[in-house]
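Remarks on the structure that follows.
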Amino acid sequence: MPSHPFDYKFQTDVFSTPECTAIFAEKCRFQYWLDFEAALAESQAELGLIPLEAAQIIKSKANVKQLDLAITKDEYTRNRNSLVPLLKGLRQACGSAGEYVHYGATTQDTIDTGQVLAIRDSLDIVQRDAGKIKELLLALAQKYRSQAMIGRSHSQQATPITFGLKVAVWLSEINRHLARLKSLRGRILLGQLSGAVGTMSALGVHGREVAHLTMSKLGLAASTAPWHTSRDNMAEVGSCFAILSATAAKIANEVFQLGKSEILELRESAPAGKVSGSSTMPHKRNPVICERIAAINSHIRPLAGVLMEAMIHENERDPRALWSEWLAIPQICIYTTAVLNYLLEVIENLEVSPPQMLKNLNLYKNLILSEWLMFKLGKVMGKLNAQEKLGFLIKQAHDSGQSLKVLLAADEEISQHLSPNDFEDLDHPEKFTGLAVQIVDDVINEVT
Amino acid sequence: MHINNGKTTIGCECISMQQCNSHSHITDSRFFREGYATDEARKVFCDLRRMQRWLDVEVALVQCQAELGIVPATAAQRLTESARLENFDLEAIQNDISTTGHSLVPLLREWQRITGGEAGEYIHFGATTQDIQDTAQSLELKEISNIILRDLASVIVTLGELTQKHKSLLMIGRTHGQAALPTTLGLKISTWLDESLRNFERLQRCLKSLLVCQLSGGVGTMDSLSEQSQTLIENFAIKLGLHVPMTSWHASRDRGAEFLSVLALLTGGLGRIANEICQLAKNEIGELAEPFHNGQIGSSTMPHKKNPELCEQVVVLAKLCKSNAATGLDTLINEHERDYRAVRLEWIAITDSALFCSAALGMMKKILPGLQINQDRIKDNLNKAAILVSTEALMFMLGEKIGKQSAHKLIYRTSLNCNDNISDLLEKLSRTPELDDKFSLQELQQAATPTVPGQATTIIKRLIASIDYEKLGQAQKAIISPCSLTGILCR
């Protein structure tokens, strides 16, 4: 029975997506390697380095479905090389053409290239889902561009904002991620084919042409320098995914916080037919998806750290660092796609409650306009004086339970500077959202 | 950084270099250090105090060697007198460290110069640099641990008082950020108390293996320390108030790593308390608040703000200590018999974590005794949540007659249609055909009224009875001694 949560048979895909676990499934991993071997043989045949018929046979047999994996499994119990047991199966299937399998390549050439193919396929998912999230946020920002709510800092009520502005901030962040992913993709889709210590010594004088041809068949570019010990691209994948999933965790945390029983401005809502309640408290509707995002994200960041540390390779090859990368890459890709998949669900089903937003906004409706009052009064009595005076009245309001409006009206110095209109406005915090709406529009313009 | 006519210059042009005190680490910042370290803790790690401590350890060594007849008594006498950093040319030491790249030899050279004569020949006789520095680090940790235990004991005593005082103060308990069932404030605080008690134990236990001396020579063989090396190290440890290690720990850094883990646990526990206060201080909740004093400014631009600054800073410090615990684990990978790459990680990680932990405790000592508890809001929130909190009790009552699973389904379905209104829910339930008049409205209302949870006071009573107040009292009264033989302290 499987023991890793990725592979659970009953409670499936709590921390993963089937789409991404399929990429890192063992047979798929083998297939990437076999694809590399087929492309290599084909390229070498085209350049006249090995017989054409041999390459054709290798290509036709380089398929996990064609191989007897029992041989491979048995071989792995004896041989500690990561690739040779699979190649043994391939060679046997190819008969005499087996001589030309993996001709001049090193194990790490095959496995690194296979890993890049898996990363490419994972990136497809990540870029697609981040793009969908952007579209959903865009619609949300448009819909609620002028919906007033309270802004908070230090977890305390600060001054009014619009919900559209909050979403626009998320949107701009996701948009930067999309740009980051695009530029990452442009840098890292490089295969590896450079032989045991990066000299291409066994590939012969045509080594570089073989490399270019092989990689172009796989849809990758060839790397000019060998990168067996240069793992910066892999570390960058980790960093990009970690930053992206931290954004997702931030959004999920905000939904969690604003969904607390006393706030209820946003709520995670389950799609029809799904329940996320408590086993013992029938009334509970728990934001479990937001919580899962937080939990998964807490693993993604350290994995990015592992990939950073795996950059410290010694000499021309260093499996101590490489193997820690092998453990980290599948996990970070799978976790990242899971986080994005969950965030999509959260945003798609998000319940937004304008009445609760207005209710909370009006809880301390006079007090939260203290900044506006300070600037208004500051023009006539000096900003620092106004700050001091207001501080005094606010404390009085806190201590006595009277409204700030009443105290302002009772204060001779202040009341002469405030018009009846100003007093009227004090009861309408929703009017004080500054340039929020324009900022939302600007962000929307910028990202579309 | 200033940009003039496209040319970039770096440096503070507004003040002269003489005014610049070259303190760039935040724990030493004249303006902001309070948020990251207490003055008391900073003194433990002070640069000068550290060098004097190294001298103290060297003095202890030479005294022990004289007692065993390994070096002349007169030399030990002379060296004891001369080991006073205040008489040393510090600038010469600084320059020499820069030239030699060695962390200890320049200090020893200056000591030899000040001592004069033959006595200087017996300085650092058979020890290795790391013997001296590791032993001094143990003394440093003893000192800071006494401070930490003292302050933690004080936090624990306050938590005990709060737990008892509010043991029956009914409030809403929350899970998944959602109102769940009633609890009491005392019961909530009792979990803070229990965790802090465990951290107190943890630190005391860790100190038993941590506070050892180091005297093992170049590769841990004690080769150049004479045949009496075993007696020597025992006497050396007694003189310094440390334990004797069974083997050299030059390359075995589990003690420091454990200390860093314990500090991370301890500070993390404080971070949890501080974060809970922050959360319950949200305007929409308003149940707790950290003390806010007159003159304190919440926001530079919003005069009404009362920010939980102290609590937030404790959370920051907890996260910093957490990161250093991971660095502590990195120090475990040492190569061969000595590996300075590990020790140099300790120098920064241990210093920082100890300072951060002391600052977090200092803040908790302000936050907890002045904790503002708004009983009206606590009651108000509980009442508003009544519909939510009563459902478990209702489920069990209905369950007796219709089965628990059916009751769960029935309440879930009914509560979806009653707008979070308890009377509405109870009325609908009393009329539902599925219950077939099995329960009167009054019975339902009774079941839905929150009461002090059954076991709260028992749990609290048992916890309080388990506290060893005598031990805490001793920790609180501990005299924070500088562990200095010469009694010379930095200003």
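State all residues of segment B:368-387 that are assigned to a helix (DSSP H, G or I) and either surrounded by 24 or more Cβ atoms within 10 Å (Cβ to Cβ) or of a type outside the set (A, V, I, L, M) (or both); if no residue qualifies, say none. Correct list: B:375, B:376, B:377, B:379, B:380, B:381, B:383, B:384.
For residue B:256, the test of being buried (at least 18 other Cβ atoms within 10 Å of the Cβ), over 13 Å from the mean Cα position of the chain (by Cα) and facing chain A (nearest Cβ under 10 Å) is failed. If only residues of segment A:350-398 that are polar (S, T, N, Q) and facing chain B (nearest Cβ under 8 Å) are counted, the one that is farthest from residue A:156 (Cα to Cα) is A:387.
Take the residues in segment B:380-428 that are among the charged types (D, E, K, R) and out of contact with any helix residue (DSSP H, G or I) (no Cβ under 7 Å at 6 or more places or on another chain); name whichever of them is nearest to the other protein chains (Cβ to nearest Cβ).
Of the residues in segment B:380-428, the ones among the charged types (D, E, K, R) are B:380, B:384, B:392, B:400-401, B:404, B:409, B:413, B:420, B:424, B:427-428.
Now narrow it down to the ones that are out of contact with any helix residue (DSSP H, G or I) (no Cβ under 7 Å at 6 or more places or on another chain): B:380, B:384, B:392, B:400-401, B:409, B:413, B:424.
On the way: B:380: 10, B:384: 8, B:392: 5, B:400: 15, B:401: 16, B:409: 8, B:413: 9, B:424: 13 Å.
In this case the residue turns out to be B:392.
Tell me yes or no: at least one residue of segment B:141-150 is assigned by TED's automatic domain parsing to the domain that holds residue B:209, in contact with a strand residue (DSSP E or B) (Cβ under 9 Å, 6 or more places away or on another chain) and not β-branched (Val, Ile, Thr). Within segment B:141-150 (the criterion being assigned by TED's automatic domain parsing to the domain that holds residue B:209, in contact with a strand residue (DSSP E or B) (Cβ under 9 Å, 6 or more places away or on another chain) and not β-branched (Val, Ile, Thr)), the answer is no, since none of the residues qualifies.
Within segment A:151-161, restricting attention to residues that are closer than 16 Å to residue B:303 by Cβ and in contact with an Asp or Glu (Cβ under 9 Å, 6 or more places away or on another chain), the residue that is surrounded by the fewest Cβ atoms within 10 Å (Cβ to Cβ) is A:154.
Are there any helices (runs of 4 or more DSSP H) wholly within segment B:400-476 with 2 or more residues that are closer than 23 Å to residue B:198 by Cβ, and if so which?
On the way: elements: B:404-415, B:422-431, B:441-448, B:456-465.
Ranges flagged: B:456-465.
Just to be sure I understand, how many residues within segment B:385-412 are more than 22 Å from residue B:174 (Cα to Cα) and at pLDDT below 85? Selection size over segment B:385-412: 0. Residue A:215 falls short on exactly one of the conditions (1) farther than 26 Å from residue A:23 by Cα; (2) not assigned by TED's automatic domain parsing to the domain that holds residue A:236, and that condition is (1). So, in segment A:31-77, of the ones that are of a type in the set (Asp, Glu) and surrounded by 15 or more Cβ atoms within 10 Å (Cβ to Cβ), which residue ends up nearest to the chain's Cα centre (by Cα)? Step by step, filter segment A:31-77, then rank; the result is A:35.
In segment A:399-416, the qualifying residues are those that are within 13 Å of residue A:366 (Cα to Cα) and not small (Gly, Ala, Ser), and the one that is nearest to the other protein chains (Cβ to nearest Cβ) is A:404.
Which of the residues that make up segment A:103-157 are in a loop (DSSP other than H, G, I, E, B) and within 14 Å of chain B (Cβ to nearest Cβ)? It would help to see each step written out before you state the result.
If we filter segment A:103-157 for residues that are in a loop (DSSP other than H, G, I, E, B), which is where we start, we get A:103-106, A:144-147, A:154-155.
Correct list: A:154, A:155.
Does at least one position in segment B:332-339 carry a residue that is assigned to a helix (DSSP H, G or I) and either touching a Pro at 6+ places or on another chain (Cβ under 8 Å) or not acidic (Asp, Glu) (or both)? No: zero hits. Suppose the filter is in contact (Cβ under 8 Å) with a residue 12 or more places away in the chain and of a type in the set (Gly, Ala, Ser); does residue A:186 pass it? No, not satisfied.
Counting the residues of segment A:365-375 that are crowded, with 19+ Cβ neighbours inside 10 Å and out of contact with any Asp or Glu (no Cβ under 9 Å at 6 or more places or on another chain) gives 5. Can you go through A:221, A:304, A:310 and tell me which one is away from chain B (no Cβ under 11 Å), touching a strand residue (DSSP E or B) at 6+ places or on another chain (Cβ under 6 Å) and small (Gly, Ala, Ser)? That would be A:221, the only listed residue that is away from chain B (no Cβ under 11 Å), touching a strand residue (DSSP E or B) at 6+ places or on another chain (Cβ under 6 Å) and small (Gly, Ala, Ser).
Within segment A:43-69, can you find the residues that are farther than 15 Å from residue A:90 by Cα and of a type outside the set (S, T, N, Q)?
Our first condition is that a residue be farther than 15 Å from residue A:90 by Cα; within segment A:43-69, this holds for A:43-53.
Selection gives A:45, A:46, A:47, A:48, A:49, A:50, A:51, A:52, A:53.
For segment B:259-309, the set of residues classified as among the aromatic types (Phe, Trp, Tyr) and within 14 Å of another protein chain (Cβ to nearest Cβ) consists of B:292 only.
From the list B:303, B:291, B:245, B:308, the lone residue that is closer than 23 Å to residue B:146 by Cα and not acidic (Asp, Glu) is B:245. Just so you know, in segment A:192-213 the residues that are crowded, with 16+ Cβ neighbours inside 10 Å and touching a Gly at 6+ places or on another chain (Cβ under 7 Å) include one that is nearest to residue A:234 (Cα to Cα), and it is A:195. Kindly evaluate residue A:161 against the criterion of being at pLDDT 95 or above and within 14 Å of chain B (Cβ to nearest Cβ). So residue A:161 passes the test. Contact annotation: residue pairs with Cβ atoms under 7 Å, 6 or more positions apart or on different chains, pairing a residue in segment A:245-268 that is aromatic (Phe, Trp, Tyr) with a partner that is crowded, with 24+ Cβ neighbours inside 10 Å and part of a helix (DSSP H, G or I), are A:256/A:290. Scanning segment A:120-145 for residues that are closer than 15 Å to residue A:180 by Cα, surrounded by fewer than 17 Cβ atoms within 10 Å (Cβ to Cβ) and small (Gly, Ala, Ser) yields a single hit, A:131. Every test in (1) within 22 Å of residue A:63 (Cβ to Cβ); (2) of a type in the set (Gly, Ala, Ser); (3) not assigned by TED's automatic domain parsing to the domain that holds residue A:50 is passed by residue A:98 save one, and that test is (3).
Regarding segment A:78-92, can at least one residue be identified that is surrounded by fewer than 19 Cβ atoms within 10 Å (Cβ to Cβ), assigned to a loop (DSSP other than H, G, I, E, B) and over 37 Å from the mean Cα position of the chain (by Cα)? Among the residues of segment A:78-92, at least one is surrounded by fewer than 19 Cβ atoms within 10 Å (Cβ to Cβ), assigned to a loop (DSSP other than H, G, I, E, B) and over 37 Å from the mean Cα position of the chain (by Cα), which makes the answer yes.
Here is a check on your reading of the model: is residue A:251 farther than 30 Å from residue A:37 by Cβ, buried (at least 21 other Cβ atoms within 10 Å of the Cβ) and within 14 Å of another protein chain (Cβ to nearest Cβ)? Break it down into steps so the answer makes sense when it comes.
Details: farther than 30 Å from residue A:37 by Cβ: yes; buried (at least 21 other Cβ atoms within 10 Å of the Cβ): yes; within 14 Å of another protein chain (Cβ to nearest Cβ): no.
In short, no.
Matching residues to (1) of a type in the set (Val, Ile, Thr); (2) not assigned by TED's automatic domain parsing to the domain that holds residue B:195:
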{"position": "B:235", "(1), (2)": "no, yes"}
{"position": "B:247", "(1), (2)": "yes, no"}
{"position": "B:252", "(1), (2)": "no, no"}
{"position": "B:262", "(1), (2)": "yes, no"}
{"position": "B:266", "(1), (2)": "no, no"}
{"position": "B:270", "(1), (2)": "no, no"}
{"position": "B:275", "(1), (2)": "no, no"}
{"position": "B:312", "(1), (2)": "no, no"}
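The values are calculated or read from the model by the stated rules, or taken from the named source; none is laboratory data. Small disclaimer: the values here were computed from a predicted structure and weren't measured. Neighbour counts are summed over all protein chains in view; Cβ atoms, including those assigned to glycine, are modelled from backbone coordinates with ideal geometry.
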